[in-house]
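The values are calculated or read from the model by the stated rules, or taken from the named source; none is laboratory data. Worth saying up front: this structure is predicted, and the values here are computed from it rather than measured. Heads up, the Cβs are rebuilt from the backbone with ideal geometry, glycines too, and the neighbour counts pull from every protein chain shown. Note: areas computed on protein heavy atoms with side chains; ligands, DNA, RNA excluded. Shrake-Rupley method; radii C 1.70, N 1.55, O 1.52, S 1.80 Å.
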Amino acid sequence: MMSFGTMYVGAEVAQQLILMQSDHEKKSINWTMVRNYAIIGWAGIGPALFCWYRMLDRVLPAATGIVVAKKVCTDQLISSPACIGMFFGGMGVLEGREDVFAELKAKFWSTYKLSCCFWLPAQALNFALLPPYTRVAFVGVASFIWVNVLCLIKRQEFADPKKENLELTEKAGKD
C-alpha cells in the first residue's frame, strides 16, 4: 500500500518537474498538490485496491483464460470507476471546491475510456502471469504511468458550472 502512495507522489513530482522545464514561469514544486496526491494514494486508493484485489482473488482464484477475463472485466467495471471517483472527488475535497464532484462530472467518461485502453491489457497480464501477492505492487508500478496520465487530465481546464454562475452573478451585480 505504501508503494502505491509513493507512485502517486512520484508521478505528480515528475509531472511538475517536466512542467518546470517547459514553463519558465513555474519556479518550484507545488507541495500542496503533492500532499493531495499522497493523501489520495496512501489513504484512499492504495488501501482500497489492496482490499479489492484480495477479495477478487478469493472470489475468482484461478488464472485460467476465462477466469482472467472475468477478473479483468470485473476490475474494469467496478474498480476503475470507483478509483476515478475517489481520485477526482477526493481531489475536489482536498482542494476545497464548492462542488467536489464538478471535475469528476466533467472528466469521468474521457478518463474512463482512457483507463480501459490502459488497464484492460495491463490487468490481463497481471491476472494471467503474476502471483496474487505481487498484484498490488504491479498495479502500483503501472499506476505510476497511469497517474502521469491522470496528472495531465487533472491539469486540463474544465467548466465548473457553479463557479461560472457565481462569476456571472458577480458580474451582473457590478453592472
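Rolling a 1.4 angstrom probe over the chain with all protein chains present gives an accessible area of which 69% lies on carbon and sulfur atoms.
Taking a Cβ cut-off of under 13 Å around LEU17, the surrounding Lys, Arg, Asp and Glu residues balance to a net charge of 0, with basic ones at +1 and acidic ones at -1.
Over the chain, give the accessible area per residue in Å² for a 1.4 Å probe, as an integer.
Details: 9780 Å² over 175 residues.
For the chain, the per-residue accessible area is 56 Å².
Remark on region 67-114: ratio of C-alpha radius of gyration to 2.2 N^0.38 Å is 1.33. With springs connecting C-alpha atoms under 10 Å apart, model the chain as a Gaussian network and identify which of GLU12, GLU95, GLU103 has the largest mean-square fluctuation. Highest fluctuation of the listed residues: GLU95. Largest GNM mean-square fluctuation across SER143, SER80, SER28, computed for the chain with C-alpha springs under 10 Å, falls on SER28.
Can you tell which of GLY65, PHE88, PRO47 lies farthest toward the positive end of the dipole of region 34-110, using +1 and -1 charges on the Cβ of basic and acidic side chains (Lys, Arg; Asp, Glu)? Sorting the options by dipole projection puts first GLY65.
In order along region 44-61, phi translates into HN-Hα couplings of x, 6, x, x, 4, 5, 4, 5, 4, 5, 5, 5, 4, 5, 6, 6, 10, x Hz, rounded to whole numbers, per the Karplus curve 6.51 cos²θ - 1.76 cosθ + 1.60 with θ = phi - 60° and x for Gly and Pro.
So which of LYS26/LYS113; LYS27/LYS105; LYS70/LYS154; LYS27/LYS154 end up more than 28 Å apart, counting from Cα to Cα? As for pairs spanning more than 28 Å Cα to Cα, those are LYS26/LYS113; LYS27/LYS105; LYS70/LYS154. In order along region 71-82, phi translates into HN-Hα couplings of 5, 4, 5, 4, 4, 5, 7, 10, 5, 4, x, 5 Hz, rounded to whole numbers, per the Karplus curve 6.51 cos²θ - 1.76 cosθ + 1.60 with θ = phi - 60° and x for Gly and Pro. Three principal axis extents describe the C-alpha atoms of the chain; from largest down they are 68, 32, 25 Å. Estimated at 0.36 nm per residue, the fully extended path between LYS26 and ALA63 surpasses their Cα-Cα distance by 8.6 nm.
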